[in-house]
Every structure is written in structure tokens, then in C-alpha cells.
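Values in this text are rule-based calculations from the coordinates and carry no lab data. In this text, all values refer to a predicted model and were calculated from it rather than measured experimentally. All Cβ positions, even for glycine, are placed from backbone atoms using ideal geometry, and neighbour counts span all protein chains on display.
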Amino acid sequence: MKIRSFPIVIFVAAGLLIAAGCSSTPTAEDLDGTPTQTPSPSDSDPAVDEEITQEEAEDFTVQYRDRSIDLHPYVQGFPYSQHMPDLEHGFLLYFETTPEGKWLRHLELDDEKEVDLTAGELVHEIDWSTRSFRYGQYNSVLQKFIFLGDEQNDEIFNIYTLDLDSGELEALTELDYTYGFGFSDDDQQMGYVARHGSSEPFNSCLHVRDLESGKDTELWCDDGGDDRLTWTGVDFSPTGDDLIVRMQHDGDRTRTNLARFSADEPGPPQFLLERGIQHHSIWTIRDSYDGEQLLYVSSKRGINDIYRHQLGDDESQRITELEQDITTARLLESEGKPPLLAVFLYLPYGTIMELRDPDDGTVVWSKQREESIRIADDHAGRAVLSMSSVRTPFAMELADLRIDRGVEFEDSDGQIRDSAAAIETRHFASVPDELAEQLTQCEVERVEFATFDEVDGETRKLHAYLFEPKEQPEQHLRLARITAFYGGSNRFGTAHQIMCEAGITTFSPAVRGSRGFGAEFAALNDGDLGGDDIVDLFYAARWLEVERGFRHYQIGVYGGSHGGYATMRALTFPPETNDHDDQYQFGFGISHAGISDLLHFYNTSNIPDWLVLLAGDPETEQDRLRDRSPLHHVQRLQSPLLLTHGSNDSRVPVDESRRFAEAAQAYGLPVVYEEFEGQGHGIDGLANRMRYYRAIFDFLESNVDQRLRDRAAAH
């Protein structure tokens, strides 16, 4: 085994070009109006690091086989990420990654002009590659930007204020973890959920803080009981007298509820919905709570729908009957007109944009786009749309809600209908066309392939994207990598394009448990982590063999976090799992921040409830969790495996990779391990990103290609 540990030079690469899929359960609308994510192990696009010279820092070339690949267009061509528009206050915050670090920039918006991201002013001298940023919102009382972040890439999330004029940062909280926050309509009050402790049972408390006086009131603590606070948005009534948050029952992420608290008097929650009902996802629609009723999204029917709930009623009224999952639901208002509900629906190959009547859910306008689209911000009938697709990099459009204007649209039955409302868009910002052409190195195809089980008497088929190089290598040197988890997303991935330029194919399937195909499909691996979802990968590999002519030893599996676990699990899979009598001999694996021991993960991770939902109860199912742990089957590893991990990771602690590497070393198995001091769940830095790709290609050249050549020579 080869082990390397590097001192750290920290950074984050341009986010819009990173294939960073965090597929986790939407729980409540966050401050930019999209569903917040219940943190889960997630596929990231990590980067590797070591001390470098200035000459190395300026060298963007990587060598692989006979190809020289210039990474500059990918990592520096469009170095902007995490765009945070604020239409009400007229500014855009975003990050720029340079060889020196990652910097926060501020740009005054003129919504009549396109955005010039090169013109943004530096907010302060803080290198944001040394800390994490989750989300934020401007507060008019403090006249500062309030955000959730950490200070050492360790996910000890707290609430901070940022003065956009001076760049000064100030911590508002000093907590072990913060689930989420939100403001009252007048920005006077801030509600937030604080978690105390480093392991189960946590004690989480709901607070309200008067931002002008600084007075902080603890409303209620769950004491680690059966009804718990969790990741959530905070929705105040218009008067600020009470607020709504999301809660969890019995330690089950899917048995959730909406709870009402008085903002003035501490006391227990008043649950709005029936306790114990399974909502695989649930969140309130921002600005819909008027003190008497609210709109919320729930997947209790098996697919997302929108419900209206009147306080005091036993039942909610469902106002939609959807066939696709919701990615964004927002109330849009035009001056002097009743609000309309903007609902964006997920398609594996695009987005359906709808306007609906918020009273009865009737569709009044609809349009389908090929991009994946979300609302980044909205105000006074205008919205900023953020979008990309597998074929096109990032873009932003400015959308106007038009009412009392005759338009036509095609409904779901293909009928042309008249409407008095529409969303009209125009270009706002994007990757320049010349650069977009440089970045597009793959031929992309959307496919379906059969897996092992049946649905309604027919063989289940899984959605996938195939990214093939425009210039293929010789047959005996072809390689393909399969996304181990969180695949199938309709988004632009830099890593896919770099691999295509290197002559490597990527196959990205949406295996069971993936989001966007309904709650039933998303729940297929609940309690079965490392079971049938891994067998789906075997069928993906066999599709590559049959349909694209790959041999099994040319096909690898890769992923980050949950995907890193799936990678290790796929390479050590006991064939008797779930009585399948099945296995697949992959040619290689690449795992970042993967989980190797589920019981150890439960005792050390900051998201132990994820494991309970996906794998089982560690208190009563220890033997089963041990059997589903790659560490306990390490001796089955036969193929080369690259492991990477950050030392400060608290979502998937670094010992998960360390222990697997040590165990593999004891058996003399082909594992390369690289650890990055000071890094968290993701690894940041331009130099690190370069080192990451060099490490990947070095691993493939040294550990995988030689096997290919040996086989070719033998035949």
C-alpha cells in the first residue's frame, strides 16, 4: 500500500464547474428559496494538496498517457461560484477562486444590465478556502449580511454577521452546531435552532433573538427526546408573534412534522400535522404563513405535492396532484396583483416551470426547459434563475412575472391554452460561449438500463447519463468510471469533461435511493444501505460491457462520502447479500471521504440519524451493520483503490479511510491513501484541485493502466 500525507494549502475551485452532487432530503425552504438539504454523506469533487512552488502553481497541465491536458479552462476559465443575488437590496455576492485563495466579492446590481462578474469588489482579505459557507441573507435591522458557516472547515456551524462595507465578520453564536435560522418579516427577530453535544443524544434548542437589543430567548429544548428539532428553515407569522419549524419524531428522518411555537413565551411545540406520518421530504413555502394558514410541500403521497394547512384543522388540503418531484416552490407577487405560485418540477432531462393558483393549485402557465433550474432569489415580481445541464455550464436569467398579458402555453396533454400570466426571462450571466466550448469535451447521451427487479410486472429500468470522449483511446486502453451514488443528475460536471479529454468515459446512473424520482424510489435503500443499490451498479457495469464493449477490468467505480462508501462496498461486496448471489469484479475504485465502518461512523459522525434511516439501528442491529461495513470485508478487495480524506472532516470522520487503508495494508492489498491536514468534508484550493487530478491520473497510470497493458500483452 502507498500512503501519502500532505501539509495543506487550502482553496475551493469554481463551484459552477464542480461536479458536486449533494443528494439529500429536502426539508424546508432555505433563504434562497430552494429546499434546504438535510446533510447526508454526499458526492463532492474533492481536491488533493501538498506544498507547491510558484512554478507548479502556474502550471495547469496534467499528463496522462500520451495526452497533455490543460486544466486552466476548467479551474480558472470561469472562477466564480456560489452566486447569491439579492434583488431587494440590489447586490450580488459570489466567490472567486484564484491561485492565492478563494475570495468573497460584492457587486451592485443593475437589473437592466447583464452581470459583469469581473467587476465585483473584494469584500475582505479572508481566504474562504479555509472555512465553510452554507447560506445567508441580508438583514435590514443590522444592515449586515447574516450567514451560516464555520471557521476551520469542520462543520461547527455558527451564525455570523458580515458588514458589506467594511468586510468585518462577527460571530452571533458559539454553538456545537446550528441547524438553521430565519428572520421575521420586519427583520427584527431571528429564530435559530442550536444543537449541543458531539454525539447522540444531542440536546437541541429553539431560540429567538431580538437583533436590535441582542436579547436572546430560549423557547424550548428537546433534551434528545422522541420529538426533536432538526435541519429546518424558520418561518415567522407576519406579526412576529409565532413561528413554524420542522421537527423529527422518534429519531426517524422521514417521520417529520411542522411545529408552531410562540415567539414570546417559552413552551413546547404545537404540532400542525398528525404525529408519525411519513414525509420523506417536507418544507414550508416561504412567505406563505400568514398566522392562520400556510402552504407546505410533502411527499407523503409518494411524490411531492403542495398542501394548504389551516391552523386548528385536523387535516391539510392537498391542492396539487403532481407526477414529478418539486425542486422549487415560491410565491411570486406582481404589484397590485394576487400572488401566483411558481412551481419548478424535476425531470431527469430538464425542468417544468409552472405558475399555479395558490388557492386551488390550478396551472395557469407552463413551460419545459432542458436545464435544471432553481430560483436563486425573488422580489416584487422578479426572480433570478440559476441553471445548468449536462451539456451546458452555468447561467443565470432574470425572470419577470407578467400578469394580464395574453400568452399561450402547451399543457401536459399537449393542448394549447390561453393564460393571463407568464414567466418571461432574459440572459443575466453565463459562462462565455468560447469558454463553454472549451469546457465541453464529452458526447452526452441519456440512457436507461434494466436492473434485477420488477415493477408492476416489468423489469425496473434506471435512468443514467453516459459521457463519452470525443476522441477515444485504443480499445485495449479504454476506461470507464461509474458514479457510485448520486448519479444521473442533469448538471454540468467539470470532472466528467476532464475525464473525457483524457479519453475516459463516465457513466452516471441514478441507482435506487436517488432523489428526483419520487419518495418511493428514494426510499428503496432505506434500511438497505450497501445492498440492492450496489447490485444496481453491477447492472450498470454490465450495460457498459454489452452496449459499449468494455471489459470488466476496464470499468471502475467512484464517489464521495456516501458515494465513497458505495465505492468501497462495491469492491468488497459479499455475493450472498440479500440472497442475490451476485458480485462484479471492477477494475478500480476512487473514494473520497468514504464510510468504511458503519458502527464507528454512527458513534463519531455529526449526522448519526442518516445512518439509522439508511442502515438500521446500531443499538439493535449491530451484526447487520457490521456486515454492511466495507472494513469488515476488506480481504475481498482485489482491485486498486484510491482513498482521499480531510483530517478535519466531522461528517465522515477521517478514521473511516485511515482504518480501511491500515487494514488493507495488513493484507497487502492495492490501496493508495492520501490525507489532507486541516480539510473538512470537502477539500478546497486551486493548488489542491490541480493536485487532485494529478493524483487521479497518477493512480490510474501506475495502478490501473499497467494491468490493462499486461492483459493486452497476454492476449
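When peptides 245-252, 595-602, 166-173, 554-561 are sorted by average Cβ neighbour count within 10 Å, with the highest value leading, the order is 554-561, 595-602, 245-252, 166-173. Between 0 and 90 degrees, the angle of helix 562-571 with respect to the longest Cα principal axis of the chain falls at about 30 degrees. Where in segment 130-146 is the amide nitrogen less than 15 Å from a point lying 7 Å along the Cα-to-Cβ axis of Ala171? Counting backbone N atoms under 15 Å from the label point, the list is 131-132.
Multiplying the residue separation of Glu474 and Lys215 by 0.36 nm and subtracting their alpha-carbon distance yields 86.4 nm. The distance linking segment 125-149 with segment 641-669 is 33 Å (Cα centroid to Cα centroid, whole angstrom). Considering every alpha-carbon pair of the chain, the percent of pairs per 10 Å bin, from zero through the bin containing the longest distance, is 3, 15, 26, 28, 19, 8, 1, 0.
Here the calculated FRET efficiency for Phe452 and Asp111, from their Cβ-Cβ distance with R0 = 41 Å, stands at 0.20, rounded to the nearest 0.05.
Roughly how many whole Å is it from the C-alpha centroid of segment 59-73 to that of segment 156-201? Cα centroid to Cα centroid, the span is 42 Å. When you work out D = kT/(6 pi eta Rh) for segment 323-445 at 10 °C and 1.306 mPa s, using the Kirkwood radius from C-alpha pairs as Rh and the Stokes-Einstein form, the result is 103 µm²/s.
Note on Glu321 and His715: their simple-model spin labels are 5.4 nm apart, each label 7 Å out from Cα toward Cβ. From the alpha carbon centroid of segment 286-352 to that of segment 226-273 is 19 Å. Show log10 I(q)/I(0) for segment 301-364 at q = 0.16, 0.17, 0.20 Å⁻¹, two decimals, from a solvent-free Debye sum over equal Cα scatterers. For segment 301-364, the Cα-only Debye profile gives -0.57, -0.63, -0.83. The Cα-based radius of gyration of segment 163-267, divided by its Kirkwood radius, gives an Rg/Rh of 0.99. Take 148-156, 232-240 and order them by the average number of nearby Cβ atoms within 10 Å per residue, most first; the result is 232-240, 148-156. Annotation: extensible slack from Gln635 through Gln585 equals 16.6 nm (criterion: 0.36 nm per residue apart, minus Cα-Cα distance).
Report the convex hull volume per residue for segment 445-572, counting only C-alpha atoms, in Å³.
Working: hull volume 13.6 nm³, N = 128.
It comes to 107 Å³ per residue, whole-number rounded.
In terms of its Cα atoms, segment 161-220 spans 41, 24, 17 Å along the principal axes, sorted from long to short.
Label positions at Asp70 and Glu619, each projected 7 Å from the Cα along the C-beta direction, are separated by 6.0 nm.
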